[in-house]
Amino acid sequence: MDKGEEQTMGDGVTAAEARTYAAPALEKGLDIIEILCKAETPLSQKDIAQQLGRSVGEIYRMLSCLVRRDYVAQTGDAYLLTTRLFELAHRHPPTHRLLVEAPNIMDHLATTLDQSCHLTVYGRGSQIVVAKIDAPSGMGFSMRTGAELDMLVSASGRVLLAFQDAATITRRIDECVRRRPDHADAGIGAILDAVRARGFESMPSNQVRGVLAIAFPILDSEGRAVAALSVPYVERIDEANRPLAEVHAATAAAAHDLTRRVGGTARA
C-alpha cells in the first residue's frame, strides 16, 4: 500500500476511522459474553481474563455491569450467562424465524384436531407462551400469549428441559427450583430421561382436571429444544374423539415440520 493511502474496511470505513470509532468497553463486554456462551461450565474472573488475554482488573467492572444488567449471573466465584439474551430475541418477533413459521403450522394442527395449541420457550426458571391458536370450534382449553408457566410439573416444561445438554439441564433445574421450591423432585432426572427416550411428553395436566397435556420439542441443528409445541387436549362428550395415537401423530408432524422450517434437525 502506498504511503498516505488508507486501507478500507467494510462499508467504506477506513482503518483509521475504525480506530477512531472503537468502543473498548463495549468490545470487552461482547468478548466476555462470547466467552461465556462457548463455556460448558461457569468461569471465574481469572479464567475469563486468561482466555481474553486481559488482566482481572480490566474485566472486573465490565463483569459487574453485566451482572447488574442480568446478562450474566454470579455463582460463588464463577460467572455464567443468564437467559436474558434468549428472552430478548423472542420479544422481537421479526428477528426470530420460529415465530414467523409457527402460525400456519399451528393453525393447521388446531384445525385438524379441533383443539387449541401453543408454543413456549424457556425463560429463567419458567416458560413463556410466545404463540397460541384457539380451537376452531371455540370450545376447549387455551393459553394466553405472554403467560408464564411452571416447568418441572408440566409436559412442555419437561420437554424444554429434557432436550438439552447435561450442564444446561442441571442449571435450568436449579433455576426452576429457586423459582418454585415446592416443585423440587428427586426423581426429575429419571422423568426427563424417559421424555427424551420417548421423544415427547403426554400427561394429565397438573393444573386443570380433565386436560391431557401433550408436548413435542422444536429442535435446533444440534438437537436442543428451542421451544415446545403443546396441545392441551380436552375430550369432547358431544362428538367422536380421535384416538390418542392420532393426536400424538398430528402434534409430532407439526413439531417436525416447524423444526425443519427453522433449520433444526427433526428426530427420526
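The values are calculated or read from the model by the stated rules, or taken from the named source; none is laboratory data. All values reported here derive from a predicted model rather than from experimental measurement. All Cβ positions, glycine included, derive from the backbone under ideal geometry; neighbour counts span all protein chains shown. Side chains are part of the model used for accessible areas, which takes the heavy atoms of the whole protein and leaves out ligands, DNA and RNA. Shrake-Rupley method; radii C 1.70, N 1.55, O 1.52, S 1.80 Å.
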Ordering 60, 79 by the accessible surface of their heavy atoms, 1.4 Å probe, largest first, yields 60, 79
So the FRET efficiency between residue 267 and residue 208, C-beta based with R0 = 41 Å and rounded to 0.05, is 0.90
Any chance you could run the full-extension gain for residue 224 through residue 246? It's 0.36 nm times the residue separation minus the Cα-Cα distance, nm to one decimal.
-> 5.4 nm
Using the Cα atoms of the chain to build a convex hull, what is its mean projected area in square nanometres?
-> 18.6 nm²
Could you state the angle between the C-alpha long axis of helix 244-261 and the longest principal axis of the C-alpha atoms of the chain, as a value from 0 to 90 degrees rounded to the nearest 10?
-> 20 degrees
Sites residue 97 and residue 44 - FRET efficiency at Förster radius 41 Å, r taken between beta-carbons, to 0.05 = 0.70
Normalised per residue, the volume inside the convex hull of the alpha-carbon atoms of the range 97-219 in Å³ amounts to 110 Å³
In degrees, nearest 10, range 0 to 90: what is the angle between the Cα axis of helix 56-68 and the longest Cα principal axis of the chain?
-> 30 degrees
Treating the angle as unsigned and between 0 and 90°, give the value, to the nearest 10°, between the Cα long axis of helix 188-198 and the longest Cα principal axis of the chain.
-> 70 degrees
Dmax and Rg, reported as Rg then Dmax, of the range 166-268 (C-alpha, Å) = 15.4, 47
Roughly how much of residue 41 is accessible, in Å² to the nearest 10, using a 1.4 Å probe?
-> 90 Å²
Sorted by accessible area with a 1.4 angstrom probe, largest first, how do 81, 30 fall?
-> 30, 81
To the nearest 0.05, what FRET efficiency results for residue 84 and residue 253 with a Förster distance of 35 Å applied to their C-beta separation?
-> 0.55
With a 1.4 Å probe and all protein chains in place, put 28, 46 in order of accessible area, largest first.
-> 46, 28
222 nm [θ] for the chain, helices only, -39500 (n - 2.57) per DSSP H run of 4+, per residue, to 500?
-> -13500 deg cm²/dmol
Within the range 99-125, find all residues whose amide N lies under 17 Å from a label point positioned 7 Å from the Cα of residue 178 along Cα-to-beta-carbon.
-> 122-125
